[in-house]
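Heads up: the structure comes next, in structure tokens.
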Amino acid sequence: MNDQSDLPESAAQPPSTPPQAPANFATALRDSADHSAPQGFSFSASGSEYFRIWIVNLLLSVVTLGIYSAWAKVRRLRYFYANTSVAGASFDYHGNPMAILKGRIIAVVVMGLYQLAAAFNVVLGLIAAIVMAVAGPWLIWRSLQFKLYNTSYRGIRFGFRGSAGGVFKNFFVWPALGSISVGLLAPLAYQRFKRYQHGQSRFGATQFDFTGKPGAFYKVFLIAFGIWLAGFLAGIAALVAVGYSHISLFVMLPHGLPIIIALYAWTFAIYPLLMTQLQNLVWNSTRLGEHRFKSTMRWQRVVFIFVTNLLGIAFTLGLYTPFAQIRMMRYRIESLALLPAGNLDEFLAASEPHGSATSEGLGDLLDFDLSM
């Protein structure tokens, strides 16, 4: 459910003596002192630990011409999930690197054939494009199933229902309408996307539900746009004032340059505002059965992490990247809490059909980031 996060992506290394999984999620909550109290998510990963995983993954992926990237993905997700916990237990990732590798190989072959068809014959290229457009929703649907099925908590797996038709409508039609409408339908398109993504997911036998209304999404987008516009107009007014007081361009430029830089910085700062408000809205509108979630991210804190991460990456020539990822992920995860409504009965794990590893490979190749 990345973002940059919907459902967290990580998994624990299996302990030497696997604990007995409880029969349902209510048992997991009863393990805490008060199962009706808010259960905050925690993230115990460290930058130094993840740096070692990151650098080894990077080097081996380069040396093996990308073949190791499937194992790198599994190592990364297992580390993240193992260090993400709530109510005294962490998440697990069960993806098979060999299956992911096979999926990626097939994805590369399919994309290569499409490129060849488009290069040598317009008609063949058009036919290939139509085939990929028709197959795309099915591939994304199977990819969602694969990713969630391979995520578990206390031995109970997540799952994704939905359909290829639902994916086509919410992943293709609505975004296209948002673009055609010059952004006027973008908040509605995003609301439909999240409603489908969260509403079709489930944990064991219990379905997630999404209650966010279009009006709430329009409010978030309009507030972000209004704040950006106010700062932009103030900057333009300052530039005009500088222009009138310094007629010569050579005299005006040194005075106007800081204002131009400030305008760019202001535009850059609005993205964390939008990201923060959307994460809060999405998770505050998500339920798991009768149980709610609460996200309390703050714009100022996100901007600070964003800017310092960017500076750290720039000054270390990219070596700070794993530390930056851990910092942002920790804040996003630890801003989230589960609000139990009491005991959860008959929250049994239900079997889900295996998704297609080939579809996951295609999803990765096409850069479909389904986390918030």
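The values are calculated or read from the model by the stated rules, or taken from the named source; none is laboratory data. Fair warning: this is a prediction, and the values are worked out from it, not measured in the lab. Don't worry about glycine lacking a Cβ; one is built from the backbone with ideal geometry, like all the others, and counts go over all protein chains shown.
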ask   = For the stretch 92-103, what are the residues that are more than 22 Å from the chain's Cα centre (by Cα) and either exposed (fewer than 15 other Cβ atoms within 10 Å of the Cβ) or among the basic types (Lys, Arg) (or both)?
value = 98, 102
Unmet criterion (only one of (1) of a type in the set (Lys, Arg); (2) more than 19 Å from residue 80 (Cβ to Cβ); (3) at pLDDT 95 or above) for residue 292 = (3)
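Results for (1) modelled with pLDDT of 85 or more; (2) of a type in the set (Asp, Glu); (3) part of a helix (DSSP H, G or I), shown as yes or no for each residue.
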{"position": "287", "(1), (2), (3)": "yes, no, no"}
{"position": "301", "(1), (2), (3)": "yes, no, yes"}
{"position": "305", "(1), (2), (3)": "yes, no, yes"}
{"position": "318", "(1), (2), (3)": "yes, no, no"}
{"position": "328", "(1), (2), (3)": "yes, no, yes"}
{"position": "344", "(1), (2), (3)": "no, no, no"}
{"position": "353", "(1), (2), (3)": "no, no, no"}
task = Determine whether the stretch 19-40 contains at least one residue that is out of contact with any Cys (no Cβ under 8 Å at 6 or more places or on another chain), over 18 Å from residue 150 (Cα atoms) and at pLDDT 90 or above.
result = yes
ask   = Applying the selection to the stretch 140-170, what residues are closer than 21 Å to residue 195 by Cβ and aliphatic (A, V, I, L, M)?
value = 140, 144, 148, 164, 167
Verdict on residue 115 being touching a Pro at 6+ places or on another chain (Cβ under 7 Å) and polar (S, T, N, Q) = no
query = For the stretch 80-91, how many residues are crowded, with 22+ Cβ neighbours inside 10 Å and either assigned to a helix (DSSP H, G or I) or among the charged types (D, E, K, R) (or both)?
reply = 2
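Filter the stretch 104-150 down to residues that are polar (S, T, N, Q) and exposed (fewer than 13 other Cβ atoms within 10 Å of the Cβ) and give me whichever is modelled with the lowest pLDDT.
Residue satisfying both the conditions and the ranking: 121.
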